[in-house]
Amino acid sequence: MKQTENLKNDYQSIKKDLADTTKKAGAAAEDKYNEYKEKGKEVAENIGNKYTELKERGKEMAENIEDRAYEMGAKAKDMMNDAEDKLKKGVSCLEDQVRAHPMVSVTAAMLVGAMLAKLFSKK
């Protein structure tokens, strides 16, 4: 009888220990779950902030590229105008030279024509 009672007490003790351990494990698991849940929220918030930051940077970069394109277009237009002015001056100088020295101009034109013919002829 005593042995049965001892077994019963041991069983009750083990049952209580198991319940306590289960309860502690459940509480620990819940704590870890809440901890990871909070970390997950922080990570999601950081990702959202980084996304917003990158989106803003992208807008700024697009605006900068557009501004630079306009600047480069204006520079190209200025360069084209300068080249056109220089070409007009060069043509004017050539016209003056042709008027002043017609035979030299005809000879130069023939030489240039011969060089171009040789350059663009098929061999």
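The values are calculated or read from the model by the stated rules, or taken from the named source; none is laboratory data. As the structure is a prediction and not an experimental result, all values here were calculated from the model. Using ideal geometry, Cβ is built from the backbone for each residue, glycine included, and neighbour counts are taken over all protein chains shown. Accessible surface is based on the protein model in full, side chains and every heavy atom, while ligands, DNA and RNA are left aside. Shrake-Rupley method; radii C 1.70, N 1.55, O 1.52, S 1.80 Å.
Using the structure shown, decide if A62 is modelled with pLDDT under 90, out of contact with any helix residue (DSSP H, G or I) (no Cβ under 9 Å at 6 or more places or on another chain) and surrounded by 10 or more Cβ atoms within 10 Å (Cβ to Cβ). So that I can check it myself, show each step before the final result.
Working: modelled with pLDDT under 90: no; out of contact with any helix residue (DSSP H, G or I) (no Cβ under 9 Å at 6 or more places or on another chain): yes; surrounded by 10 or more Cβ atoms within 10 Å (Cβ to Cβ): yes.
When the stated conditions are applied, A62 does not pass them.
Looking only at the range 65-89, which residues are open to solvent by 100 Å² or more (accessible area, probe 1.4 Å) and either of a type in the set (D, E, K, R) or in contact (Cβ under 8 Å) with a residue 24 or more places away in the chain (or both)? Let's see the steps before the verdict.
Our first condition is that a residue be open to solvent by 100 Å² or more (accessible area, probe 1.4 Å); within the range 65-89, this holds for 65, 68, 70-72, 75, 77, 79-80, 86-89.
R68, E71, K75, K77, K86, K88, K89, listed by residue number.
Only one of E56, E5 is surrounded by 10 or more Cβ atoms within 10 Å (Cβ to Cβ) and acidic (D, E). Can you tell me which? I'd like the intermediate steps shown before the answer.
Working: E5 fails: surrounded by 10 or more Cβ atoms within 10 Å (Cβ to Cβ).
The conditions single out E56.
Give the number of residues within the range 66-97 that are more than 44 Å from the chain's Cα centre (by Cα) and hydrophobic (A, V, I, L, M, F, W, C).
The number of residues fulfilling the criteria is 3.
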